[in-house]
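The values are calculated or read from the model by the stated rules, or taken from the named source; none is laboratory data. Keep in mind that this is a model prediction, so the values were computed, not measured. Quick reminder, even Gly has a Cβ in these numbers, built from the backbone with ideal geometry, and neighbours come from all protein chains shown. In case anyone asks, the SASA skips ligands and DNA or RNA and just uses the protein heavy atoms, side chains included. Shrake-Rupley method; radii C 1.70, N 1.55, O 1.52, S 1.80 Å.
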4 protein chains.
Amino acid sequence: MIDVGIVGGSGYGAIELIRLLTHHPYVNVKYIFSHSKIDEPIKETFPHLSHLTYQYEALNSGDINCDVVYFATPSNVSKDLAPALIEQNIKVIDLSGDFRLSNRTVYETYYGEVAAPQQQLDNANYSIAEWSDVNPQTTQLIANPGCFPTATLLGLHPLIDQQIIDYDSIIIDAKTGVSGAGRSLAQHVHFSEMNENFSAYAIGKHKHKPEIEQYISKLANQEIKVIFTPHLVPMTRGILSTMYVKLNQHVTGEYLHSIFKEYYEDKPFVRIRDVGVYPKTKEVYGSNFCDIGIYVDEERQNAIIVSVIDNLVKGASGQAIQNLNLMFGWHEKTGLTQTPVYP
Amino acid sequence: MIDVGIVGGSGYGAIELIRLLTHHPYVNVKYIFSHSKIDEPIKETFPHLSHLTYQYEALNSGDINCDVVYFATPSNVSKDLAPALIEQNIKVIDLSGDFRLSNRTVYETYYGEVAAPQQQLDNANYSIAEWSDVNPQTTQLIANPGCFPTATLLGLHPLIDQQIIDYDSIIIDAKTGVSGAGRSLAQHVHFSEMNENFSAYAIGKHKHKPEIEQYISKLANQEIKVIFTPHLVPMTRGILSTMYVKLNQHVTGEYLHSIFKEYYEDKPFVRIRDVGVYPKTKEVYGSNFCDIGIYVDEERQNAIIVSVIDNLVKGASGQAIQNLNLMFGWHEKTGLTQTPVYP
Amino acid sequence: MIDVGIVGGSGYGAIELIRLLTHHPYVNVKYIFSHSKIDEPIKETFPHLSHLTYQYEALNSGDINCDVVYFATPSNVSKDLAPALIEQNIKVIDLSGDFRLSNRTVYETYYGEVAAPQQQLDNANYSIAEWSDVNPQTTQLIANPGCFPTATLLGLHPLIDQQIIDYDSIIIDAKTGVSGAGRSLAQHVHFSEMNENFSAYAIGKHKHKPEIEQYISKLANQEIKVIFTPHLVPMTRGILSTMYVKLNQHVTGEYLHSIFKEYYEDKPFVRIRDVGVYPKTKEVYGSNFCDIGIYVDEERQNAIIVSVIDNLVKGASGQAIQNLNLMFGWHEKTGLTQTPVYP
Amino acid sequence: MIDVGIVGGSGYGAIELIRLLTHHPYVNVKYIFSHSKIDEPIKETFPHLSHLTYQYEALNSGDINCDVVYFATPSNVSKDLAPALIEQNIKVIDLSGDFRLSNRTVYETYYGEVAAPQQQLDNANYSIAEWSDVNPQTTQLIANPGCFPTATLLGLHPLIDQQIIDYDSIIIDAKTGVSGAGRSLAQHVHFSEMNENFSAYAIGKHKHKPEIEQYISKLANQEIKVIFTPHLVPMTRGILSTMYVKLNQHVTGEYLHSIFKEYYEDKPFVRIRDVGVYPKTKEVYGSNFCDIGIYVDEERQNAIIVSVIDNLVKGASGQAIQNLNLMFGWHEKTGLTQTPVYP
């Protein structure tokens, strides 16, 4: 049994961690930190947790005593607070973007803020859990991937690893539910304006673009650029990423499908749909699954990969628990067996 | 052709007035006022109006030259600004609550603010357009009714007027789409928390309760209290009011239905459903209709009246145009012939 | 460890049982029956269950070997099939309405079908789990309550049991998400017509009206009639029941609140909100909770009770597992500790 | 004043025609035809039209007497019925796909049905209204474009016409609201399964793919193939088409923007957003506008065009009225001045 603390307790990442960790047999949630709500019972902010008796606390790193701290915070928080914890031998899993990009200049271009010191970035393990090299002995800091990158990279990984696509051809048309925008108020996510409304946003400048490029460039061992366009869907949860790639060889739909089946054969959270079937976001709602469908236009040598996740689970808190399991040497499914909530 | 100005130009009431007045043959929208957005083109705030070239202006009552001014403002604005306009012989139609309640104490209890002077309240004409005594010769100030009261009073009026119900028995269970909460940001109408969520609110203390009571008390010539519970529906537009009353005599469903048919025979915006059929909110979406269904439990002598409107049209801007028509002696349908948008 | 079978495997009740039973430590789901889909893998109908390998089977009562069978079927199925199972000593929990009403005439009036034989009705235990007398030794057949009755009766029980209301005064204005209408296609739940639409339906003749009346009449030991109006909300899950009652004595809001706190003190699934706070449907989404808020108009001696549940969990499959726990003498929370999915 | 008849009166296309034609000063809707509902009042199927007294009629081409007939029918209806009308000198505007594809083999591949005779196809005028050559003197039959093609072709037209893109590079990622699927019941558009769900469908085989290819191939005077992936959004109305193209020359964002401004300068229904601003579907809700935003990645020479329409208006019935105006030599805006319904 380990004790964990959660920073950013008034956000959606934190309450999703609480929801999921309830079922984790080896974890005790000990602290829930929130600067803005110190000493308030959690049920005042989140009545759905009325059966729990947590009170928000202030994070004073000197006083806390636990095994792991989760940061479910906006950017620019963990990079200041995590180092002191790590120094005390507390492991850190960061759900924000602060430690995801190893190139400081790229971070500063896309985030518009000062990057963490290079040494910290080098110590951080960016962990798409299915393709992770997290080591229970040595990993102290995990950079938990972003929601769009998770859905997208699980779809692109086999294609890049197999070197069967033209690296210059990747176009990612991604769609997310509104909870990805967090709990902070803004006009465009005001119910009356977001409801029955669909839009593209941040074209050409979304923070998750360099994150995707970094991962696939490293995997391919050469610099790759992508076109990445996020869209906002009038629903609360779910990401669907439609990926367009040019195949560099003639390949049948069946063959490409078999590649994906093989890559994800022993990955319990990735479910490859049958040929001709494409996943829908609701089919993973509330669960840690990533479901993938594959289409090949054999004549024109294009492939389309459709990948879905729940942005708050596999795209954030669920993968953060999967990464916790890797960090402690437990089976990756531990505490993550929730069946999708359907309908 | 008359010129109108609209105060509160950055809110939903104003843009709905603009949408509807586009089709009004005798009206020119001359000014759109907004304190917070002076000199900004309207399309920056509302891109759906990109074909229009309005710029927001400051309201300086001395400088303006028009026939009517609409206030589509929060409470506590029109009561300060309307008198100067009226003095200049500009007619005023107020969509806020400032002039609706003739009893200052009641206003101050429910609104928590200082009421307008009694004389102004006495000059205001509270006008449910179907049962209005607005006079083109004399009416200078119209208090446009609230959204819940409009849906509810059109349902209750025949019952009270016919004196066939127990006045002590009235229970109003009302449900509204989220646009009724306006454009200001708030946590409970943040998309991710309002979507897929249904709730009751302001039980026992909603501002529309005394407005309903004032109207029916005056009609019945005795004080009547009601139980009124508003609910918030995860949709943008629409109000459905379910009214429960005890009949004071044996009455069949057919008979009560015939009463309603008679009362609304020559009222083009009120459509009475056939016996056994109840209206749905989407059946009036975007239009000025109020649709009503009637149920009688003959054995227990109870009746249930179901009434629906679009809260932004018949519940606000549409009725405000219908009232404009009355104020100028035009046919009440002028400019208001929009068919409901369905589906 | 017990084995269970589920009849009606292509409906929402069945897949919700599967979702929840996944976490039950003493239950193995052995059979999933569906007449219309025999031998089909479940993932074809429900891709969200793609990680499961169930195939639909035909129910031939002679061949099956398990401890309990759930009926998650439309009405008029279990009354024909359950008796043969019970005879084989297989316990039955019926989620349909077939065994809920002990008066055959009432059943036939509201369901429009032939009722089960009186002896079977007498053997069935109608079990609102919080107030149940299910006996592990003797109960063979549980009639799992309907969704509206569950939300409503948990709110009315303390009021009736304390005899503090006028029995003639009960008005129930209930609102349900669309999943309550099941998986069968119909025009009014076609997405384009149900979305952004709110309506009342089945006024005066809904099947759940006599179910509510039967329970409270028995509790009060006298016949009680209610007014019950269901409404359909454009959302998938959730019921909110607003109950209006006349108090037969002067009672403060605090006092009535304390009564509810006391009644539900040791009931882990019922959470009473603080005075002045009312629950929202999303606060119980995906969980077995029933949350209740209480309002008293002290001047007029009326009370309003607001109760919310997830119609597919506490209103169907969740309570059916809670009842299974009672039937086998396990703690009622076993397998039902899911935290609400929020947002 | 002309008389029109509408075939397919129980579908969404027909009621949208009725809604819009209400405001058309030169049109009288004389007949509404429906095989399945002969002699029924329209209000029984569509209570939102309760103020209208239409009854459905049978279409017997010999008996009818009007100037234009609209077909708002599924495919495979108009090709059988239109010729007899045209022979009687009744003009026809067909909202179905029957006359859109001039190549019979392509039609039969994508529609799975026998194509209309070649001569009829040759007589049909496929009319994207902004780029139409409809002639009031000679055009008898208009093939009204599909919803996805309309949104897409208005975005692609200037790019093709200017010859500034690589024709082999066009990828169209399109998203539609659910009303595009029509009024017929189907499991995937059942509210509980469509709500809060986002999906791709018909990948590689949607009927609108060859329609897009035919138009741009003709414009470019060479065969062009596109990649086209439609998606279904949990909302009722609206299409957003995201188009990815490779520029064949260095072009700035400002320059491409100016091209679009020029092309649509005198087209009242197409509104080009400012540089850096992208349109949202709700900004055209209920109106005949098509709004377009333009992005250029100058470094990599890619452009992204975002185009939105209301699928039932500009994507169907609205454009069908715009085409009617062209057919009769009226101003294209006649009867189509509806402002978008927002929020």
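When region B:73-102 is limited to residues that are of a type in the set (Gly, Ala, Ser) and in contact with a Ser or Thr (Cβ under 7 Å, 6 or more places away or on another chain), the one that is farthest from residue B:311 (Cα to Cα) turns out to be B:84. Taking the criterion of being touching a Lys or Arg at 6+ places or on another chain (Cβ under 8 Å) and either open to solvent by less than 10 Å² (accessible area, probe 1.4 Å) or not hydrophobic (A, V, I, L, M, F, W, C) (or both), the residues of region B:288-302 that qualify are B:288, B:290, B:291, B:292, B:293, B:300, B:301, B:302.
Return the residue satisfying two criteria in turn: it lies in region C:56-83 and is surrounded by 15 or more Cβ atoms within 10 Å (Cβ to Cβ) and of a type in the set (A, V, I, L, M), and of such residues it is nearest to residue C:146 (Cα to Cα). My answer is C:72. Taking region C:270-307 as the range and being at the interface with chain B (Cβ under 8 Å from one of its Cβ atoms) and not charged (D, E, K, R) as the test, the residues that pass are C:278, C:279, C:281, C:285, C:293, C:295, C:302, C:304, C:306. The residue that is farthest from the chain's Cα centre (by Cα), counting only those in region B:244-255 that are of a type in the set (A, V, I, L, M) and surrounded by fewer than 22 Cβ atoms within 10 Å (Cβ to Cβ), is B:251. The residue pairs whose first member lies in region D:134-150 and is under 30 Å from residue D:238 (Cα atoms), whose second member is part of a loop (DSSP other than H, G, I, E, B) and among the aromatic types (Phe, Trp, Tyr), and whose beta carbons are closer than 7 Å, counting only pairs six or more residues apart or on different chains, are D:141/D:99; D:143/D:99.
Considering only region D:105-129, state which residues are open to solvent by 40 Å² or more (accessible area, probe 1.4 Å), outside any loop (DSSP other than H, G, I, E, B) and out of contact with any Pro (no Cβ under 9 Å at 6 or more places or on another chain). Within region D:105-129, D:105, D:108, D:118, D:119, D:122, D:123 qualify.
Total residues in region C:300-343 satisfying the condition of being charged (D, E, K, R), in a loop (DSSP other than H, G, I, E, B) and more than 30 Å from residue B:170 (Cβ to Cβ): the figure is 3. The set of residues from region A:116-133 being of a type in the set (A, V, I, L, M) and free of Cβ contacts under 8 Å to residues at least 60 places away in the same chain comprises A:116, A:121, A:124. Open to solvent by less than 10 Å² (accessible area, probe 1.4 Å), touching a residue at least 40 places away in the same chain (Cβ under 8 Å) and hydrophobic (A, V, I, L, M, F, W, C), is that true of residue D:260? Yes: the conditions hold for residue D:260.
Within the option set D:132, D:96, D:102, being buried (at least 21 other Cβ atoms within 10 Å of the Cβ) and under 19 Å from the mean Cα position of the chain (by Cα) holds for one residue only, D:96. Of all residues in region D:226-277, those being under 25 Å from residue A:298 (Cα atoms) and either in the same structural domain as residue D:12 (by TED's automatic domain parsing) or hydroxyl-bearing (Ser, Thr, Tyr) (or both) number 4.
Summed over region D:7-39, residues that are open to solvent by 30 Å² or more (accessible area, probe 1.4 Å) and aromatic (Phe, Trp, Tyr) total 1.
Considered as a group, the residues in region C:55-92 that are farther than 23 Å from residue C:316 by Cβ and not small (Gly, Ala, Ser) include one that is farthest from the chain's Cα centre (by Cα), and that residue is C:63. Set side by side, the residues C:158, C:145 differ, and just one is out of contact with any His (no Cβ under 7 Å at 6 or more places or on another chain) and within 17 Å of residue C:220 (Cβ to Cβ), which is C:158. Close contacts from region A:327-343, counting a first residue that is at the interface with chain C (Cβ under 7 Å from one of its Cβ atoms) and a second that is open to solvent by 20 Å² or more (accessible area, probe 1.4 Å) and modelled with pLDDT under 95, with Cβ to Cβ under 6 Å and a gap of 6+ residues or different chains, come to A:339/C:22.
Listed conditions (1) assigned to a helix (DSSP H, G or I); (2) in contact with a Gly (Cβ under 6 Å, 6 or more places away or on another chain) are all met by residue C:296, apart from (1). Is it fair to say residue C:175 is open to solvent by 10 Å² or more (accessible area, probe 1.4 Å), under 30 Å from residue D:195 (Cα atoms) and within 12 Å of chain B (Cβ to nearest Cβ)? The answer is no for residue C:175.
Looking across region D:91-115, the residues that are in contact (Cβ under 8 Å) with a residue 40 or more places away in the chain and of a type in the set (A, V, I, L, M, F, W, C) come down to D:92, D:93, D:95, D:99, D:101, D:106.
Please verify whether residue A:53 is exposed (fewer than 15 other Cβ atoms within 10 Å of the Cβ) and not in a loop (DSSP other than H, G, I, E, B), treating the condition exactly as stated.
no
Just one of the listed residues (B:217, B:241) is free of Cβ contacts under 8 Å to residues at least 60 places away in the same chain and over 30 Å from residue A:177 (Cα atoms), and it is B:217. Restricting region C:263-285 to residues that are touching a residue at least 60 places away in the same chain (Cβ under 8 Å) and open to solvent by 20 Å² or more (accessible area, probe 1.4 Å), the residue that is farthest from residue A:285 (Cα to Cα) is C:263. Being more than 7 Å from every other protein chain (Cβ to nearest Cβ), of a type in the set (Asp, Glu) and open to solvent by less than 20 Å² (accessible area, probe 1.4 Å) is the filter here, so list the residues in region C:182-236 that pass it. C:211, C:213, listed by residue number.
The set of residues from region C:56-86 being among the polar types (S, T, N, Q) and either on the phi > 0 side of the Ramachandran plot or not in a loop (DSSP other than H, G, I, E, B) (or both) comprises C:76, C:78.
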